[in-house]
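The structure under discussion appears below in the form of structure tokens.
The values are calculated or read from the model by the stated rules, or taken from the named source; none is laboratory data. Remember, predicted model here, so these are calculated numbers, not experimental data. Virtual Cβ from ideal backbone geometry, glycine too; neighbours counted across all protein chains shown.
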Amino acid sequence: MRTLIAILAIAVAMPAFAQDRPRPVASILVDAKEAILRSYTGSVVAGTEVELGFPMIGTISNRPVDVGDQVSNGDMLAQLSAEDLTSDLRSAEASVVVARSQLRSATNARDRAKELAERGVSSSTTLEDRERALVAAQAQLDQALSGSAQAQDLLDLATLKAPFDGVVTETEAEIGATVSAGQTVLRFADSGTREVVIDVSEQDAGLVNKGDRFTVRLLADDSVSAEAVLDRINPVAERATRTQRLHLVLENPSPSFRLGALARVEPSRNAALQIIVPLSAVLEPPAVWLVERGSNTVAKQPVVIAETNEDFAVIASGLTPGDEVVTKGTHSLEDGQIVGPRISE
């Protein structure tokens, strides 16, 4: 009987003993590591690409280039039919010849009238008339010269020339087509500078800055790589996807980085070391539970988060290497609670 009573007493005391026993915690000892490396897929584009067309209506009579052709600055890309423009130029040049002849006649007439007036043979009124005629002849010559220059400019504008060394990336009008003023005839890209453009979320765009370095590898051949520097971020998000476009300038890329090639982009691995914790350890508002092994208690520590992904958070401030951070069961802890030994994940 006494044995049964003792067993019952022990059974009653065991729950209280178990309740007072500190619970072990799943935790990690934080250390400085490389920042979370994200990878993106982008495409190689020209640093400068322009749409070229004619400033006048006309019919294309010549287009000696096609997609992929390399051309030099000043080379002809396309030309409009110039018969009417050539006729206009000849007419304007003829007007200049006539105006010069009239100016010479007016000059001679004024000189004779001046000489006669000085002798007293002719009146001053006649001299004034000849001087007015000379001024009118000079004005007609100036007008004719302006018309001739304008006709020459229009004839020059009928020839579309390369504004810099580059490559034709797209053609939008063929020989014989009638184009309106400003209509795109072809797209032309600078062959000197090449970029990689990637679309990232607004959150990711906020984590990078101009001058950040990236490593770019071709999707078709992972062994071909180049370094790139973030040059700019489009100030306006894409309307359909709400993503931000980043422009990365390639540094000394190999010829394999052709326009339109797909590439994988990731931050360079020489980035500064940062403290990374599992996302499950982070409370809201941003804080973590720190374990103080001197007293085996936990305390809530506010932190500043630099960036996150699906599994981890990069801590900008609030933690130092060697801190013990609780990673599981964080919502059942209280400030100052006594905890048991550490259980590594």
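Observations, loosely collected:
- Restricting attention to the range 321-345, the residues that are of a type in the set (V, I, T) and over 15 Å from A287 (Cβ atoms) total 3.
- Matching residues, the range 220-247, being closer than 22 Å to K210 by Cα, in contact with an Asp or Glu (Cβ under 9 Å, 6 or more places away or on another chain) and not hydrophobic (A, V, I, L, M, F, W, C): E227, D231, E238, R242, T243, Q244, R245, H247
- Only residues that are part of a loop (DSSP other than H, G, I, E, B) and in contact (Cβ under 8 Å) with a residue 60 or more places away in the chain were counted across the range 183-223, and they come to 6.
- From the options Q138, Q143, Q183, residue that is at pLDDT 90 or above, within 21 Å of T59 (Cβ to Cβ) and polar (S, T, N, Q): Q183
- Just one residue in the set G74, G68 is on the phi > 0 side of the Ramachandran plot and modelled with pLDDT of 90 or more; that residue is G74.
- Within the set L52, L4, L29, L8, the sole residue that is under 25 Å from A173 (Cβ atoms) and either more than 40 Å from the chain's Cα centre (by Cα) or at pLDDT 85 or above (or both) turns out to be L52.
- Condition check for A144: under 28 Å from S95 (Cα atoms) and touching an Asp or Glu at 6+ places or on another chain (Cβ under 7 Å): no
- Of all residues in the range 232-248, those satisfying the criterion of being surrounded by 15 or more Cβ atoms within 10 Å (Cβ to Cβ) and either in contact with a Leu (Cβ under 8 Å, 6 or more places away or on another chain) or free of Cβ contacts under 8 Å to residues at least 40 places away in the same chain (or both) are I233, A237, L246, H247, L248.
- Condition check for E131: touching a residue at least 12 places away in the same chain (Cβ under 8 Å), in a helix (DSSP H, G or I), among the charged types (D, E, K, R) and touching a Ser or Thr at 6+ places or on another chain (Cβ under 6 Å): no
- Strands (runs of 3 or more DSSP E) lying entirely in the range 248-345 (those with 2 or more residues that are among the β-branched types (V, I, T) and under 27 Å from R213 (Cα atoms)): 273-278, 304-308, 312-317
- The set of residues in the range 77-89 that are of a type in the set (S, T, Y) and either at positive phi or at pLDDT 90 or above (or both) contains only S81.
- Exactly one residue out of A281, A261, A306, A287 is surrounded by 15 or more Cβ atoms within 10 Å (Cβ to Cβ) and assigned by TED's automatic domain parsing to the domain that holds I198: that is A261.
Results for (1) assigned by TED's automatic domain parsing to the domain that holds V168; (2) in a strand (DSSP E or B); (3) more than 17 Å from D156 (Cβ to Cβ), shown as yes or no for each residue.
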| position | (1), (2), (3) |
| --- | --- |
| P55 | yes, no, no |
| S61 | yes, yes, no |
| P64 | yes, no, yes |
| V67 | yes, no, yes |
| N73 | yes, no, no |
| D88 | no, no, no |
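- Just one of the listed residues (L141, L160, L154) is more than 30 Å from L186 (Cβ to Cβ), outside any loop (DSSP other than H, G, I, E, B) and touching a Leu at 6+ places or on another chain (Cβ under 8 Å), and it is L141.
- Neighbours by Cβ (under 6 Å, 6+ apart or cross-chain): first from the range 134-160, under 29 Å from T107 (Cβ atoms) and hydroxyl-bearing (S, T, Y); second at pLDDT 90 or above and part of a helix (DSSP H, G or I): S148/A92; S148/E93; S148/V96
- Of all residues making up the range 309-333, the number that are among the charged types (D, E, K, R) and either at pLDDT 90 or above or assigned by TED's automatic domain parsing to the domain that holds L207 (or both): 3
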